[in-house]
Structures are given as structure tokens and as C-alpha cells.
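The values are calculated or read from the model by the stated rules, or taken from the named source; none is laboratory data. These numbers come from a predicted model, not from an experiment. In this analysis, Cβ positions are derived from the backbone assuming ideal geometry, glycine residues included, and neighbour counts consider all displayed protein chains. Surface areas here come from the heavy atoms of the whole protein model, side chains and all, with no ligands, DNA or RNA. Shrake-Rupley method; radii C 1.70, N 1.55, O 1.52, S 1.80 Å.
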Amino acid sequence: ADRSSPRHEAESRNGAAVPGRPRTEFSAAQLQEGEWSFRQQRYIGASEKRRLAAALDLSQSQIKAWFQNRCMKFKRQT
């Protein structure tokens, strides 16, 4: 299956979820640490990403995605 095709977006055109990796549910402690780190520095570097991933038992990709989403939320609020 070609993952780059439009069919494999987060949702299909009719709104039905496309099979894939389930959405990560962050714990309160993970969110608190992420928010604290975001307040310190909005853009995360490689070493901080590694540190947070190890401390929160998440992948570096999950940390990166969380920060990207948090940055967009911040931009919408300002």
C-alpha cells in the first residue's frame, strides 16, 4: 500500500478513520512535563527531544509531533 496516497491521510474524505497507528493518549504527567518544556523553549532541539522521550517513555517522533501541535495551538491563540 502506498502510504503517500491521499487515501492514507489521517481521515478519508468521507470522515471515516483510516486504519493505522492509534492516537497517542498522553498522561497528565506527560502533558505537564511537555507544557513545562514548551514554556521554557517553544522549539525543541535534538538533545531535549531525546531527554524528554526517555523521561516520558515516548518516542522522539511522538515528542516532535506534540511540540509541532503545541506550537500551532499557541499560534492560533495569539
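Residue-by-condition table, conditions (1) at pLDDT 95 or above; (2) part of a helix (DSSP H, G or I); (3) more than 15 Å from the chain's Cα centre (by Cα):
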| site | (1), (2), (3) |
| --- | --- |
| D2 | no, no, yes |
| R7 | no, yes, yes |
| R13 | no, no, yes |
| P19 | no, no, yes |
| R23 | no, no, no |
| F26 | no, no, no |
| Y43 | no, no, no |
| R50 | yes, yes, no |
| I63 | yes, yes, no |
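Of all residues in the stretch 29-49, those that are charged (D, E, K, R) and either more than 12 Å from I63 (Cβ to Cβ) or open to solvent by less than 40 Å² (accessible area, probe 1.4 Å) (or both) total 3.
Within the stretch 43-55, residues that are more than 21 Å from A29 (Cβ to Cβ) have Cβ atoms under 7 Å from residues that are assigned to a loop (DSSP other than H, G, I, E, B) and of a type outside the set (A, V, I, L, M, F, W, C) in no pair, counting only partners at least 6 apart in sequence or on another chain.
Taking R76, is it open to solvent by 50 Å² or more (accessible area, probe 1.4 Å), of a type in the set (K, R), without any contact (Cβ under 8 Å) to a residue 40 or more places away in the chain and outside any helix (DSSP H, G or I)? No.
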